[in-house]
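Colleague: This is the structure, below, for whatever I ask next.
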Amino acid sequence: MADRGPLAPHLSISQGKIPAKPEEVGNPKQAIVNLARQSRSSAVRDDVVPSERSGRSVGPGYTAIMTEFVQDKWSPVRAGQAAPSLARALACCRALG
């Protein structure tokens with residue numbers, strides 16, 4: 001959620017709906033599902049939001065949708081600007097070489 005710019009179009013929602021301080025979100029996976037509930041795309045809703053009868057916390061395509069986002073659109077550097085803990089982890093990785 002920290003890389004809001006590309007996540008918003010990926011989920012077909014407005015960027016303003018994504019929390020500006022993602023590290024303050026108690027359950028990030030549930031937050032993504034709740035954002036997908038508001039999607040303009042029925043495909044995103046069908047993939048990410050679980051059916052009430054399923055008893056699952058995420059829809060059948062949640063992993064595929066999020067994997068595509070991370071592989072093709074997510075930038076850890078951009079995300080680190082909104083997620084201080086990620087920025088620190090990146091700095092440690094750079095220091096290791």
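Colleague: Roughly to the nearest percent, how much of the accessible area of the chain is carbon and sulfur, given a 1.4 Å probe? Don't skip to the answer; put the middle values down first.
Modeller: On the way: 3110 of 6000 Å².
Here it works out to 52 percent.
Colleague: If eta is 1.002 mPa s and T is 20 °C, what Stokes-Einstein diffusion coefficient results for region 41-97, Kirkwood Rh from Cα pairs, in µm²/s?
Modeller: On the way: Rh = 13.5 Å.
In µm²/s, the coefficient is 159.
Colleague: What number comes out for accessible area per residue over region 48-97 if the probe is 1.4 Å? Units Å², please. It would help to have the intermediate numbers written out before the result.
Modeller: Working: 3570 Å² over 50 residues.
Counting only protein heavy atoms, the per-residue value for region 48-97 is 71 Å².
Colleague: Moving to a separate point now. How long is the gain from ALA8 to LEU96 if the chain were fully straight, where each residue apart is worth 0.36 nm and the alpha carbon distance is subtracted? Write down the numbers at each step before the final one.
Modeller: On the way: separation 88, 0.36 × 88 = 31.68 nm, distance 3.27 nm.
Additional length available on full extension: 28.4 nm.
Colleague: How many percent of the alpha carbon pairs in the chain exceed a separation of 17 Å? Before the final figure, lay out each step's value.
Modeller: Values: 2460 of 4656 pairs.
Result: 53 percent of Cα pairs exceed 17 Å.
Colleague: Now a separate question. With charges set only on the Cβ (+1 for Lys and Arg, -1 for Asp and Glu), what does the dipole of region 19-97 come to about its Cα centre, in debye to the nearest 20?
Modeller: Numbers: 11 positive and 7 negative charges, 26 e Å.
Using only the charged Cβ atoms, the result is roughly 120 debye.
Colleague: I would also like to ask the following. With r as the distance between the Cβ atoms of ALA87 and ARG53 and R0 = 41 Å, compute the FRET efficiency 1/(1 + (r/R0)^6) and round to 0.05. If you can, show how the numbers build up before the last one.
Modeller: On the way: r = 41 Å, r/R0 = 1.00.
After rounding, the FRET efficiency stands at 0.50.
The values are calculated or read from the model by the stated rules, or taken from the named source; none is laboratory data. Computed from a predicted structure; not experimentally measured. Positions of Cβ are generated from backbone atoms using ideal geometry, with glycine treated the same way; all protein chains shown enter the neighbour counts. Calculation scope for accessible area: heavy atoms of the full protein, side chains included, ligands and nucleic acids excluded. Shrake-Rupley method; radii C 1.70, N 1.55, O 1.52, S 1.80 Å.
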